[in-house]
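Scroll down for the structure; my scribbles are underneath it.
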Amino acid sequence: AIEKIQHKNGSLEEAFPNENSFCVTALVAFDVLSAIKHLGKLITYEEKNQYLNIVRPLIYFVENHDEKHAVISNHLATAVAAVELWNILAEKKSVRGKDLLDIIYRHQSKEGWYREYEGADPGYQTLCTYYLFCAYEVTKDERLLESLRQSVSFLKYFVHPDGTIG
């Protein structure tokens with residue numbers, strides 16, 4: 001179905017016609033790539049390549065377009081995770097993930113929070129941390145691990161005794 005709903009530039013929509021959503025495009029790419037990864041040997045080599053060919057335009061869009069209306073770290077982290085997983089599964093060497101990580105690092109506060117529009121957002125920080133950890137699982141990048149440690153140090157102040165987050 002992805003091929004039927006995707007624009008010629010590889011992007012997908014979230015809510016509005018022709019919006020070319022950076023985040024949703026990265027999100028769908030990541031989800032499909034995660035499925036390919038977790039299916040492993042349950043799919044044939046041919047099936048894997050067929051799925052990678054479906055994801056290719058999504059990754060191309062993420063590699064060649066920016067989200068310009070704000071610094072939204074969870075969106076950038078989604079793209080980082082997608083690109084880094086793409087690099088492993090498609091045996092590519094895209095540096096786009098590292099470029100997006102640099103933006104995230106530049107906007108991570110000394111307190112550990114990742115920038116969401118103009119400040120901290122513990123809810124979206126959990127999502128951002130998830131995607132960045134998925135990228136870390138693939139890259140084993142020590143700088144990313146340190147950033148994640150800072151994130152968790154910030155998030156711990158928002159976890160209630162029952163495990164929910166305020």
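A few comments on the model shown:
- Whichever residue in region 1-27 is under 16 Å from the mean Cα position of the chain (by Cα) and of a type in the set (Val, Ile, Thr) and, among such residues, is surrounded by the most Cβ atoms within 10 Å (Cβ to Cβ): Thr25
- Entry remark, region 71-91: residues being out of contact with any Leu (no Cβ under 8 Å at 6 or more places or on another chain), open to solvent by less than 10 Å² (accessible area, probe 1.4 Å) and of a type in the set (Val, Ile, Thr) number 1 in total.
- Count of region 127-140 residues, restricted to those that are open to solvent by less than 60 Å² (accessible area, probe 1.4 Å), within 24 Å of Lys68 (Cα to Cα) and of a type in the set (Ser, Thr, Tyr), is 2.
- Glu111 vs. criteria open to solvent by 20 Å² or more (accessible area, probe 1.4 Å), closer than 29 Å to Asn87 by Cβ and either of a type outside the set (Phe, Trp, Tyr) or not in a helix (DSSP H, G or I) (or both): no
For (1) open to solvent by less than 70 Å² (accessible area, probe 1.4 Å); (2) within 24 Å of Lys8 (Cβ to Cβ), each residue gets a yes or a no:
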site: Ala29; (1), (2): yes, yes
site: Ser34; (1), (2): yes, no
site: Lys37; (1), (2): no, no
site: Ile54; (1), (2): yes, yes
site: Lys93; (1), (2): no, no
site: Ile103; (1), (2): yes, no
site: Glu118; (1), (2): no, no
site: Gln125; (1), (2): yes, no
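- Apart from one condition, Tyr130 fits all of (1) at negative phi; (2) modelled with pLDDT under 95; the exception is (2).
- Looking across region 141-153, the residues that are touching a Ser or Thr at 6+ places or on another chain (Cβ under 8 Å) and open to solvent by less than 60 Å² (accessible area, probe 1.4 Å) come down to Leu148, Ser151.
- Contact map, region 146-166: first residue closer than 15 Å to Ala120 by Cα, second residue of a type in the set (Asp, Glu) and open to solvent by 80 Å² or more (accessible area, probe 1.4 Å), Cβ cut-off under 9 Å, separation 6 or more or different chains; pairs are Gln150/Glu111; Ser153/Glu111; Phe154/Glu111.
- Test: residue in region 87-96 that is without any contact (Cβ under 8 Å) to a residue 60 or more places away in the chain, under 24 Å from Pro57 (Cα atoms), out of contact with any helix residue (DSSP H, G or I) (no Cβ under 8 Å at 6 or more places or on another chain) and not β-branched (Val, Ile, Thr): yes
- Look at region 1-30: where a residue is over 18 Å from Ala70 (Cα atoms) and touching a residue at least 60 places away in the same chain (Cβ under 8 Å), no partner that is acidic (Asp, Glu) and part of a helix (DSSP H, G or I) sits 6+ places away or on another chain with Cβ atoms under 6 Å.
- Residues of region 57-70 that turn out to be of a type in the set (D, E, K, R) and either in contact (Cβ under 8 Å) with a residue 40 or more places away in the chain or buried (at least 20 other Cβ atoms within 10 Å of the Cβ) (or both), as a count: 2
- For first residues located in region 104-119 and on the phi > 0 side of the Ramachandran plot, partners that are part of a helix (DSSP H, G or I) and lie 6+ apart or on another chain with Cβ distances below 8 Å form the pairs Gly112/Gln150; Gly112/Ser151; Gly112/Val152; Gly112/Ser153; Gly112/Phe154; Gly112/Leu155.
The values are calculated or read from the model by the stated rules, or taken from the named source; none is laboratory data. This is a predicted model, so every value here is computed, not measured. FYI the Cβ positions are ideal-geometry reconstructions off the backbone, even for glycines, and counts take in every protein chain you see. Note: accessible area is taken over every heavy atom of the protein model, side chains too, but ligands, DNA and RNA are not part of it. Shrake-Rupley method; radii C 1.70, N 1.55, O 1.52, S 1.80 Å.
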